[in-house]
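This report refers to the structure that appears directly beneath it.
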Amino acid sequence: MDTRRLGYFVRVVDVGNITRAADSLHITQSALSQHISALEHDVRTRLLERTGRGVVATASGRSLYRYAQGILRLEKAARIDLRAGGDTPAGLVTVGLASYSMAPGLAVPLLRAVRERYPNIQLQLIQNLTVVMSQAVLLGQVDMALIYDPGYVKGVVFEHVLEEDFCLISSARLPPVTSRGDTITLKEASRLGFILPSEVHTVRRITDAAFHAAGLHCSVVAEIEPGMVLRDAVVSGLGVTVLPLTATRAHFAPDEVRAYRFADSQLHTAMSLCTPEVQPLSEAAALVADLLRTLIRDQPGSAGRREPSVAANAVHP
């Protein structure tokens with residue numbers, strides 16, 4: 001299978017339009033169409049279908065797209081490694097970071113540590129993918145991922161590195177959501193509007209399960225992936241959210257939000273470092289994994305210990 005054609009196919013799927021994809025690849029539209037046709041002939045199935053707005057991947061195309069990302073990443077990693085030569089650790093290392101967690105807060109410290117110790121290692125940090133992170137590890141799209149532990153997944157292993165309690169987070173611009181100080185009950189929380197990730201996310205599943213077990217309803221007013229939109233929405237008082245305290249510190253300034261422990265329920269989960277079960281990590285990836293473990297050990301609540309209790313709604317102790 002021609003990896004160049006795989007790259008062309010991935011670009012077409014990403015752009016959703018053959019003409020625009022051809023422009024970005026600096027080739028003619030007819031040449032790009034010929035490459036796609038040759039790839040379809042090679043795999044003996046249709047990969048793209050036309051729509052009124054461009055093209056979309058078929059079911060087979062979506063499957064190939066996922067595998068192609070891993071294949072292209074490995075090819076790029078091999079080229080970087082071979083160009084470096086010598087005894088200095090080198091290569092491309094891709095790390096997936098779970099959203100709505102403390103993981104994104106480790107991105108800059110990890111990048112700094114890699115640049116200082118292993119300047120020939122090219123680090124790629126990814127937070128959003130078309131598949132869940134554990135599947136991305138299995139497919140070879142990322143070398144490793146720091147994620148909420150989803151339980152057993154065939155083909156990957158989970159190294160327990162941190163256990164965290166979730167807190168309810170509300171805007172400091174609004175009055176306190178409860179008179180109970182730094183705690184809140186699920187019943188009190190059920191009267192609030194929540195901003196949460198989609199139902200497939202671990203944070204959402206744990207939150208929904210806690211309310212369901214208590215016979216209560218969690219009112220979700222918006223589903224938002226993390227980042228500036230989440231931060232701005234919560235700070236503006238458009239809704240409350242649920243986050244580990246470490247993630248709250250990463251997303252918000254100390255005076256922007258209030259944090260409340262759940263008084264009558266334990267909402268918690270484990271963070272794990274996910275790696276392939278059979279395929280060993282490259283030398284460069286193993287070194288990055290060790291750096292990541294060191295950074296995690298410096299986090300409150302590491303090595304199986306939970307976060308300390310939230311005191312007086314303080315986000316930063």
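Quick notes on this structure:
- Ranked by the mean number of other Cβ atoms within 10 Å per residue, highest first, peptides 115-123, 47-55, 62-70 order as 62-70, 115-123, 47-55.
- Mean ellipticity per residue at 222 nm, deg cm²/dmol - from DSSP H runs of n ≥ 4 across the chain, formula -39500 (n - 2.57): -12000 deg cm²/dmol
- A 1.4 Å probe run over the protein chains yields, for the range 161-289, 43 Å² of accessible area per residue, whole-number rounding.
- Packing here is the average count of other Cβ atoms within 10 Å per residue, and on that basis the peptides 237-248, 103-114, highest first, run 237-248, 103-114.
- Each peptide in 275-284, 186-195 receives the mean, over its residues, of other Cβ atoms within 10 Å, and ordering these scores from highest gives 186-195, 275-284.
- Compared with the direct C-alpha span, the chain from Leu82 to Ala253 gains 57.2 nm at full extension, assuming 0.36 nm per residue.
- Once the chain from Ser236 to Thr19 is taken as fully extended at 0.36 nm per residue, the excess over their C-alpha distance is 74.0 nm.
- Length gained when the stretch Lys187-Thr28 is fully extended (0.36 nm per residue, less Cα-Cα span): 51.1 nm
- Taking the 1.4 Å solvent-accessible surface of the chain as the whole, the part contributed by carbon and sulfur is 50%.
- The convex hull built on the alpha-carbon positions of the range 224-299 has an orientation-averaged projected area of 7.6 nm².
- With all protein chains kept in place, the per residue accessible area of the range 12-53 amounts to 66 square angstrom at a probe of 1.4 angstrom.
- Short-range pairs are left out: with C-alpha atoms under 8 Å and at least six residues apart, the relative contact order of the chain is 21 percent.
- Here the Debye sum runs over all C-alpha atoms of the chain as equal scatterers in vacuum, and log10 of I(q)/I(0) at q = 0.07, 0.09, 0.12 Å⁻¹ comes out as -0.35, -0.56, -0.91.
- The range 1-146 - convex hull of the alpha-carbon atoms, volume per residue in Å³: 134 Å³
- Pairwise label distance in nanometres, Arg112 with Val278, each label 7 Å out on the Cα-Cβ vector: 4.0 nm
- Around the amide H of Val142, modelled in the peptide plane, lie the amide H atoms of Val137, all under 5 Å away and 5 or more residues distant in sequence or on another chain.
- Solvent exposure of the range 67-119 as accessible area per residue, Å², 1.4 Å probe: 50 Å²
- Residues in the range 199-214 carry Karplus couplings, in order, of 5, 7, 7, 4, 4, 5, 5, 5, 5, 4, 5, 5, 5, 4, 5, 8 Hz; the curve used is 6.51 cos²θ - 1.76 cosθ + 1.60 with θ = phi - 60°, and Gly or Pro positions show x.
The values are calculated or read from the model by the stated rules, or taken from the named source; none is laboratory data. Model, not experiment: these values are computed from the prediction. Positions of Cβ are generated from backbone atoms using ideal geometry, with glycine treated the same way; all protein chains shown enter the neighbour counts. Keep in mind that these areas ignore ligands, DNA and RNA; they rest on the heavy atoms of the full protein, side chains included. Shrake-Rupley method; radii C 1.70, N 1.55, O 1.52, S 1.80 Å.
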